[in-house]
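Worksheet for the structure shown next.
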Amino acid sequence: MSDSDTYVEVTNDKTRIGENKVKTVADSLYKKGSIDSDLRRYLIRSGGTSGKFKATRNFINLGCISVLL
């Protein structure tokens, strides 16, 4: 991760803050009658996390030759 312009280490997960904002907007739209209960339920699902960077080896299969990247 030497490319600091592209990747930045995240020390705290801000997923909960985003989920709470989405829940607030979804609840207000539901109360106004703009969305139905199924869409509201779909929007306010929780349990997500921020994306993780995993460095894994990739194999490309070229017929009878496999290349390790």
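Quick notes on this one:
- Test for Ser34: is it outside any helix (DSSP H, G or I) and modelled with pLDDT of 80 or more: yes
- Of all residues in region 4-15, those that are surrounded by 10 or more Cβ atoms within 10 Å (Cβ to Cβ) and under 12 Å from the mean Cα position of the chain (by Cα) total 2.
- Of all residues in region 1-19, those that are more than 27 Å from Arg40 (Cα to Cα) have Cβ atoms under 8 Å from Cβ atoms of residues that are modelled with pLDDT under 70 and surrounded by 10 or more Cβ atoms within 10 Å (Cβ to Cβ), 6 or more apart or on another chain, in Val10/Ser50.
The values are calculated or read from the model by the stated rules, or taken from the named source; none is laboratory data. Note that this is a predicted model, so its numbers are computed, not measured. Positions of Cβ are backbone-derived with ideal geometry, glycine not excepted, and every protein chain shown enters the neighbour counts.
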